[in-house]
Structure formats: C-alpha cells, structure tokens
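The block underneath contains the structure these notes are about, expressed in structure tokens.
The values are calculated or read from the model by the stated rules, or taken from the named source; none is laboratory data. Here the structure is a predicted model, which means the values were calculated and not measured. Quick reminder, even Gly has a Cβ in these numbers, built from the backbone with ideal geometry, and neighbours come from all protein chains shown. Ligands, DNA and RNA are excluded from the accessible area calculation, which covers all protein heavy atoms including side chains. Shrake-Rupley method; radii C 1.70, N 1.55, O 1.52, S 1.80 Å.
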Amino acid sequence: MKTAQAVARARVKERAQTAVMFAQMLALSLILALTATLAQAEGTPEAEAADKVITSHGYSYFGNLDYPADFEHFAYVNPDAPKGGEISLGASGTFDSLNPYSRKGRAGALTTIQYDSLLVSSDDSIGQYYGLLAESLEYDEGRNYVIFHMRPEARFWDGTPVTAHDVVYSHKLFITQGLPSYAQAVGHMVTSAEALDDLTVKFTFHPDVSRRSLIETVGNTTVFSKAWFEEDPENRRLDEPRLEVPVGSGPYKLESFDVNRRIVYTRRDDYWAKDLPVNRGRYNYDRIRVEYFADQTAAFEAFKAGEYTFRQETDAKRWASGYDFPKLAAGSVVMDEIPDGSPPSPSGFVFNLAKPQFADKSVRKALALAFNFEWVNESLLFGLSTQRDSFVEGTHLEATGVPEGAELAFLQSLGDVVPAEVLENEVVTTHTSKPDRLNDRRNLRKASQMLDEAGWPVGDGALRRNAQGRTLKVNIPYPSNMTGSVATMIETYVQNLQAIGVDATAEKVDPAQFTLRSRERDYDMVYTDRYGAFLTTGGGLTQMYGSKEAEFSLFNPAGLASPLVDAILEGSFDTTNQEEQDAALMALDRALRYEFFVIPDGYVAEYWTAYYDMYAYPETLPPFTLGYLDLWWVDPEREAALKASGALR
C-alpha cells in the first residue's frame, strides 16, 4: 500500500507532465499589478511592426488560443448543468467592509463576483484570455496599444449600459485610489486610456516597458459604474472601507449581509452575459451564502450541524481524524479528494528582510534549521504533507543540480549580477530533520554554531545577543482563527528557536489585528502563503519578487529586493518563445531559493473537500481550479432527499 507521501509525489509527477502544456498558473490574482522595466529602443522588430494590426476574439502573448472565435463553451464545463439551489460556505474571523480594494478594513468574502471585466481567462490553459465585456480586441504587433470593442448588450444590474466611459473611469479609479503597488505599476505602464466612442476603448502603453502583461492587465481590470461613483465621490472611494457596494454587471448581486455573521449573494436572472460561450455552464447556483464563525473549531461544528453545506478542509489532523460524525456515516456528507493540478503555493515562514537581525543570510539559514518539518508532518499532519523545496514544485520549471543547458546560457547572459556560487553550486534544497522528536539535536547544534559564527553568541539571560547587546528577536504573530495544526506548528517552531537561545515568541492576535499588522509588515517573521508559484513570466511577478515595489507591495511580505532576481525577471520579459521563457523561469526558481527568504513547509497534492451529497461537478475538472463556485451545480433530487431525511433544513 502506498504511503500518503508516495501518493502525493506520484500526483506531483502527473501534475508536472500536465504543467509542460501550459505557460502560467491561474492562481496568480488578476488584480496583481503588472509592471516591467525592460526598455525597448526605437528600431526594434516590435517598433517596425507597429503598423501590423491583429484582430481577435481573445488574447495570449504567444498568439495561441485553444478556442476558436465560434466556440460554444469551455471544454471543462457541463453546458447543460441545471440552475438552482444554494451553496453555503463557512468562513472564520470577521469583516467590516465589502470593499476588497482598500488597504484598510477587513473585506467580506466573494465581493468581486459582482463585477465583470473586458476579458476572462480560461481554466484549462494558461495565459489565454477571451472576451467578456469585449467582443473583440485589436492591437499592433508591437503591442503599443490595444483597442477593445465592447458588447452593446452589456448591462449593469440597474439596467444602464456598460460603456467605454465606465472602463476608462474604472482604470483611472484604480490608478488614483487603488492599492499603491497596482497604481504605481499600471500608472507607469499605461500612458493613456480613452473612450473612442461609447463602445470602443483604447489603452496606449509606455514605449519603455516590456510588452509582457500589458493587454491582459487592462483587460482583466474590474469595471465599475462611473455614474454610481460620481453620485457621491466623497464617500464612495475605492481606497476606503465601506459596506455599500458599487453597481456591478456580474453574475451575482449582493442580497443581504449581517456584519461578522453572514453574506448572501443572489444569481441575477437578468445577467446580460449568461448565454455567452465563456459563461455557458457556469454560475449555476441561485444563491451563494457565506456564514462567519469565530474560529475553525466553531466553523467545523457548524458544518456537521448543516449550517453550511460545502467545506474545503485545510487541517490535516481534522481531515485524518475529525470526519467521523453520523451524517458522514449515513452518506449525507461525502469526503472527496480532488487532484490539484497547480504548483503548490510556496508557503512557509517568511523573514521580514527589513529587520536588521535578518540581514545576514547565514542567520536566516541557521534559524531555518530549527524548523522540523518531518516531526510536524508525522505528529501534526498525519504524514499527509510533502516537503517543498521549489517555488514551482513538481513542474518542468523546478531547478535541479547545477545550472546547465539553456538555463546556464540564460544566467551567463546576465553578466556579473549573477554570483559565481549560483552558477557553480547545486540549487538550494530544504534541510531534513529526524521525525521522532521535535528538537533534532544535530540540526540545533549546527544552527547554534552558525549563529555563534555570525556574531550572535549566547549572553545574558541565556539569550543570543550581538556586540551591541541586542537579543536575536523573532516575533511571529498569527491570527486566532488559524487552522489548529498550523498554529501548533508555529508554536513548536518557536520552542525550538528558544531552545538555542533565540528571543522568540509566537503571538496569537485577533484576525483584524493580524490583517493590519500584515499590511504594515509589523512582524519579524510571518507564516504566509502570499507568494505565488509561476508557470509563465509577466509583470505580476514583480509584485511578489521585484525590487521596485518591495517596500510597499502587499504581495511581497519579505520585502525582497534582489538585483539578481530583478535581472532574471527583466530577462524573462524579453524571451520570445516557450523554451527561452522556461529557461528564464527555471533560473528564477534557482535565484529565489538562493536568496533564502522563506523557510518552506509542506504541501498536499489534492483538494480536500467535504460537502452535503447534493453537489455535482464536471467529469473532468480543469487542472488549475477546483471551480466549486462556478463549475459545480446542485442536483435537485439529491437535495430533496437530504431535506426529506432531515440531514438538511
């Protein structure tokens, strides 16, 4: 019988084979700002080709679109899925705003499902986008501009048309009031946005930025109603938390909310785009309800009681031992492990590189040795997790050994910015520990020796101090609604740090305070999955790994600012084919691991789902999304049976 780890590894290999077919992970958020710094001089092929215009129903950087202009629906949907019923979800913590675009406040769940954009991505490919509000687009081959031709039938839920003026207004709203990282990046990228007429909008791009990620960035921007914001510009701001939601044009509309208790969205029967090919077979529930609970324990008990009906489990202990309640035994609730085709999120303990005690990489490596993943996996996670090394674990982009071939050639082309040790040494891999006890003495002795050599010997109070007498401080805050096994992992890591004289503390705080501290980087270290994996290049990577926005980007919790990483990112923007791009991204994985700003934890190769037995999903789900909100549906007969049996109210 295969172990859980062996099964996970086998699935990782399968995912790696699938990943070769694609060029980017859907998990990269569409709201991420996209910027680039690679200059393009006059006289380049792009400039010479500026008068060649491409007109299409969709967009991809390399020009490959899997679906033709006359496609009927995406291959992974059930076009005949019945409409109706409800999916209800559990959330832990609090919310005080329904505006997800503000740095302030704690936004409620799923508010973005009320809005459309010009383009929408497909879930069975990477980097391919098809028209939603836009029925077509045209752009010059040099990508100096893009013109979107909008669908005349597009309507906001108040019946007013969605126009090019709304698109321009929304773009400028994000530039003037949006997240600083987005505003700065896109403000530099786009030199002008203009409505040529009511249904035609043109974006012109700065000549001195990379041609990567330009069209999909403006195409994926949320479109708001200009009229709604202009009715009360002082109080209706994008950068302020509020409980009033803008008029949208999307498939769902806010029905009701009760702060910190519940949010309900209703499917719009009059949704203008419900029969478009990009939406056929999607958005099948009449209602989406989100119930809020104080913590994960309360949320799980509520699920067992039937207060909500779908749960995506993240706690290995609960998955392995907690699902033994009567409704599961009776078949009213099912457990379902669904393969996850995405590279695992590069989660782990992230160093705040602005803290002086972490300036020395050898200190960071020493502190990493105190983390015993193997013990955590066996003692807390029931052996269900697999150790992660790479930022693109299990894919064809994962760096191995010493650089060679196309990757080596790419790194050599960057010149002196690449340290000799990156070229000559094997890629950084995660240390191993003994699983039988938390404090692996061999690793702790090595960590102690490294800290001594780095100028942090044990001093007064049995704490490590530098020459100025300051302790080696490591404070790790975490939210009170965090999964129990992760919270225990943090606490036990701190115990090991304390065992070698580190002035370490784990601080449990309420979710709202944790959100604020995360935004302000008020921590020494933080456990997070904020960083994203990647299967293609694009300006979104600069939001996570680039220097330009490192000081303030919400997507770069370490504040990583590395000339090496910047050079690789810029070089990746200049690649002209898949092979070159893959070599650059493999080099990026190598460089990120070399910089050593994250202590990796493990990952699980499938989605753990539990739900009341009334939901169905397509036989073949797309590789990069679970799709339970837009691809699944309610089976009315099974729903009726559950209610008749008393399993559901």
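Quick one: Cα centre-to-centre distance for the range 486-528 and the range 236-256, in angstrom?
With the range 486-528 and the range 236-256 each reduced to a Cα centre, they are spaced 34 Å.
From the mean inverse distance of alpha carbon pairs (Kirkwood) and the Cα radius of gyration, derive Rg over Rh for the range 519-644. All intermediate terms of the calculation are to be shown ahead of the outcome.
Working: Rg = 20.3 Å, Rh = 17.9 Å.
With Rg and the Kirkwood Rh in hand, the quotient comes to 1.13.
Excluding Val146 itself, calculate the net charge of residues whose Cβ lies under 9 Å from the Cβ of Val146, where each Lys or Arg counts +1 and each Asp or Glu counts -1. Intermediate results must be reported in sequence, preceding the final value.
Numbers: positive: Arg143, Lys202; negative: Glu138, Asp140.
Around Val146, the surrounding residues sum to 0.
Please compute the modelled spin-label separation between Asp416 and Ile54, points set 7 Å along Cα→Cβ, answer in nm with one decimal.
About 3.8 nm separates the two model spin labels.
Taking H as built 1.01 Å from N, whose amide H comes closer than 5 Å to the amide H of Asn439, not counting residues under 5 places away?
Here the answer is none, since no amide H 5 or more places off falls under 5 Å of that of Asn439.
Using a cut-off of 12 Å between beta-carbons, work out the net charge of the residues near Ala447 (Lys and Arg +1, Asp and Glu -1, Ala447 not included). Don't skip to the end; give the middle numbers.
Values: positive: Arg364, Lys365, Arg441, Arg442, Arg445, Lys446, Arg464; negative: Asp440, Asp452, Glu453.
Here the count lands on +4.
When ligands, DNA and RNA are left out and all protein chains stay put, how many square angstrom of accessible area per residue does the range 131-258 have with a 1.4 Å probe? Don't skip to the answer; put the middle values down first.
Values: 4570 Å² over 128 residues.
Per residue, the range 131-258 has an accessible area of 36 Å².
Among the listed pairs Lys446/Lys473; Lys274/Lys304; Lys253/Lys327; Lys317/Lys355; Lys83/Lys274; Lys104/Lys202, which are separated by more than 22 Å between their Cα atoms? Intermediate results must be reported in sequence, preceding the final value.
On the way: Lys446/Lys473 19 Å; Lys274/Lys304 34 Å; Lys253/Lys327 32 Å; Lys317/Lys355 34 Å; Lys83/Lys274 11 Å; Lys104/Lys202 32 Å.
Where the Cα-Cα span goes over 22 Å, the pairs concerned are Lys274/Lys304; Lys253/Lys327; Lys317/Lys355; Lys104/Lys202.
Can you spot the aspartates and glutamates whose alpha carbon is less than 18 Å from Lys434's alpha carbon? Ignore those fewer than 8 places along the same chain.
Once the sequence-local aspartates and glutamates are set aside, what remains near Lys434 is Glu374, Glu378, Asp389, Asp601.
What are the ³J(HN,Hα) couplings of the range 266-275, residue after residue, when phi is run through the Karplus curve with 6.51, -1.76, 1.60 and θ = phi - 60°? Round to Hz, x for glycine and proline.
Karplus-based 3J(HN,Hα) across the range 266-275 equals 10, 5, 7, 5, 9, 4, 4, 9, 5, 9 Hz.
First compute the accessible area of the chain with a 1.4 Å probe, then give the percent of it belonging to carbon and sulfur atoms.
49 percent
Enumerate the amide H contacts of Arg242 below 5 Å, restricted to partners 5 or more residues apart or on another chain; note that Pro and chain-start residues carry no placed amide H.
Leu98, Asn99
When the label point is put 7 Å from the Cα of Gln468 along its Cα-to-beta-carbon vector, which residues of the range 339-360 have a backbone N closer than 11 Å?
The answer is 356-357, whose backbone nitrogens lie closer than 11 Å to the label point.
For Tyr527, list long-range residues whose amide hydrogen, built 1.01 Å from N in the peptide plane, is under 5 Å from its own amide hydrogen.
Result for Tyr527 returns Val350.
How big is the Cα convex hull of the chain in projection, averaged over all directions, in nm²? Intermediate results must be reported in sequence, preceding the final value.
Numbers: hull surface 117.7 nm².
Over all viewing directions, the chain projects a mean Cα-hull area of 29.4 nm².
In Å and whole numbers, how far do the C-alpha atoms of the range 128-225 stretch along each principal axis, longest first?
40, 31, 25
So what is the relative contact order for the range 103-252, in percent, with contacts set as C-alpha pairs under 8 Å and at least six apart?
Numbers: 248 pairs, mean separation 47.4, N = 150.
The normalised contact order for the range 103-252 reaches 32 percent.
How large is ³J(HN,Hα) for each residue in the range 540-546, as worked out from phi by the Karplus curve 6.51 cos²θ - 1.76 cosθ + 1.60 (θ = phi - 60°), to whole Hz, x for Gly and Pro?
x, 5, 5, 5, 9, 10, x
Looking at the chain, what % of its DSSP beta bridges pair antiparallel, to the nearest 5? Spell out each step's value before the answer.
On the way: 61 of 77 bridges.
Counting only bridges with both partners in the chain, antiparallel ones make up about 80 percent.
Hey, what's the range 497-649 come to in accessible area per residue, 1.4 Å probe, Å²? Before the final figure, lay out the partial values.
Values: 5210 Å² over 153 residues.
Roughly 34 Å² per residue, with all protein chains present.
Tell me the mean residue ellipticity at 222 nm calculated for the chain from its helices only (DSSP H runs of n ≥ 4, each -39500 (n - 2.57), averaged over every residue, nearest 500). If you can, show how the numbers build up before the last one.
On the way: 20 runs with 188 residues, N = 649.
Rounded to the nearest 500, it is -8500 deg cm²/dmol.
Show me, for the range 212-219, the HN-Hα J-couplings you get by feeding each phi into the Karplus relation (A = 6.51, B = -1.76, C = 1.60, θ = phi - 60°), rounded to Hz, glycine and proline as x.
Result, ordered by residue: 6, 6, 6, 5, 5, 5, 5, x Hz.
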